[in-house]
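The values are calculated or read from the model by the stated rules, or taken from the named source; none is laboratory data. The shown structure was predicted, so the numbers you read here are calculated from the model rather than taken from an experiment. Cβ coordinates were reconstructed from backbone atoms using ideal geometry, including for glycine residues, and neighbour counts include every protein chain displayed.
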Amino acid sequence: VVGEYEEIAPTHASDRVCTNITTTCGNTTAYGQWMEAPHTRTSDRVCRNATVCTDEEYESEALTFTSDRICLPLTGCRYNEYQAIAATAYSPAVCALLTVCSNTEYESVPATYTTDRTCAPITPCLVSQFIQRVATATSNNVFRDFTVCGDYEKETRAPTPISDRECI
């Protein structure tokens, strides 16, 4: 009979026993089930519960009627990367390489887990200034205007790019 399979074969002393075929293996849109094997003349279809991805996984391949979903682990970005695009239930995070500031730049805005660092050019001195504090990897030069000797003062030490003039 259509829609049945032979569960027990007939013998000389008994009739065969037929059973209704499982009509479906649950739904394939949420958690549901999938069909591991179709029904045959002598067996019902085999349904399996679908894998459910955990909070530490994403669904890399969707559940279908004939295949289980595939979950892969979510991985974080490496030390030299930031997360450019967040992970979703269906895709991993996208990481991008952190910008590396050159030797003529400093880090003006530090990187976070989800943002790149920002580099800015190191500002050079004006001719009327000296460097009070030299730029570092994370700070710009700090300048101060040269001291101007008063009308009755004498310059005792000339200014340099890194030191002020002295007057007495």
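What the table shows:
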quantity: Test: residue in the stretch 111-125 that is touching a residue at least 24 places away in the same chain (Cβ under 8 Å), among the polar types (S, T, N, Q) and exposed (fewer than 12 other Cβ atoms within 10 Å of the Cβ); calculated: yes
quantity: Selection within the stretch 65-114 - farther than 30 Å from ASN49 by Cα, under 10 Å from the mean Cα position of the chain (by Cα) and not basic (Lys, Arg); calculated: CYS77, GLU81, TYR82, GLN83, ALA84, ILE85, VAL94, CYS95, ALA96, TYR113, THR114
quantity: Pairs where the first residue, in the stretch 54-82, is without any contact (Cβ under 8 Å) to a residue 40 or more places away in the chain and closer than 20 Å to LEU98 by Cα and the second is surrounded by 12 or more Cβ atoms within 10 Å (Cβ to Cβ) and of a type in the set (Lys, Arg), C-beta under 8 Å, 6+ apart; calculated: none
quantity: Selection from the stretch 80-91 of residues that are assigned to a loop (DSSP other than H, G, I, E, B) and either among the small types (Gly, Ala, Ser) or at pLDDT 95 or above (or both); calculated: ASN80, ALA86, ALA87, ALA89
quantity: When residues of the stretch 124-168 are limited to those that are among the β-branched types (Val, Ile, Thr), under 29 Å from VAL100 (Cα atoms) and outside any loop (DSSP other than H, G, I, E, B), the one farthest from the chain's Cα centre (by Cα); calculated: ILE131
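Yes/no per residue for (1) touching a strand residue (DSSP E or B) at 6+ places or on another chain (Cβ under 7 Å); (2) hydrophobic (A, V, I, L, M, F, W, C); (3) in a strand (DSSP E or B):
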| position | (1), (2), (3) |
| --- | --- |
| VAL2 | no, yes, no |
| MET35 | yes, yes, yes |
| LEU63 | yes, yes, no |
| ASP68 | yes, no, no |
| CYS101 | yes, yes, no |
